[in-house]
Amino acid sequence: MFNAITHSQIYVLDQDEALDFYVGKLGLEVNADVDLGFMRWLTVSIPGHSDRQILLEKPGPPAMSEQTAQQVRELVTKGATGGSLIFSTDDCRIFSTDDCRKTYETLRGRGVEFTEEPTDRPYGIDCGLRGPFGNSIRFTQPKAST
């Protein structure tokens, strides 16, 4: 049957602004930026890990009618679409560190606004932020195996 998840999708209202955030601030890399005529196929991933890509999709045809797309854009504006990404700082290729707190400080220095500072949890350390279109983003430093 299935052997991998290759793409996940989140909605964004402006793909150029999304690139600035996900590539310029978070440090992901562009895998594909293709004008298909009916839509722009724009994917990003962790540098060196193109086997798992995030589609930064603008709501609209052909996936949905213009009326539905307008409703989705309204939900995106409110941060209510439920889009969520969780990254691990374990062997983190974005910042060359496995330290959640150092990654947090690096991103704060780049102007990223957080909803939650690094916090100790039973599974490790994690923190939270929101992307420019309301998508929930977390990154975690998994607890060391004993």
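General observations
- By average C-beta atoms within 10 angstrom, highest first, the peptides 107-116, 47-56: 47-56, 107-116
- Cα-Cα over 27 Å, subset of LYS78/LYS102; LYS78/LYS143; LYS25/LYS78: LYS78/LYS102; LYS78/LYS143
- Counted charge near TRP41, where neighbours are those whose Cβ lies closer than 11 Å (Asp, Glu -1; Lys, Arg +1): -1
- The phi-based Karplus calculation (6.51 cos²θ - 1.76 cosθ + 1.60; θ = phi - 60°) puts the 3J(HN,Hα) values of region 36-44 at 8, x, 8, 6, 9, 8, 10, 10, 10 Hz, whole numbers, x for Gly and Pro.
- Across the alpha-carbon atoms of the chain, the computed radius of gyration and Dmax are 16.0, 53 angstrom.
- Neighbours of ARG110, meaning other residues whose beta-carbon lies under 14 angstrom from its beta-carbon, give a summed charge of 0 when Lys and Arg score +1 and Asp and Glu score -1.
- Over the chain, DSSP H runs of length four or greater, each weighted -39,500 (n - 2.57), average out per residue to a 222 nm ellipticity of -5500 deg cm²/dmol.
No lab work stands behind these numbers, since they all come straight from the coordinates. Treat the numbers as computed from the prediction; the structure is a model and nothing was measured. Virtual Cβ from ideal backbone geometry, glycine too; neighbours counted across all protein chains shown.
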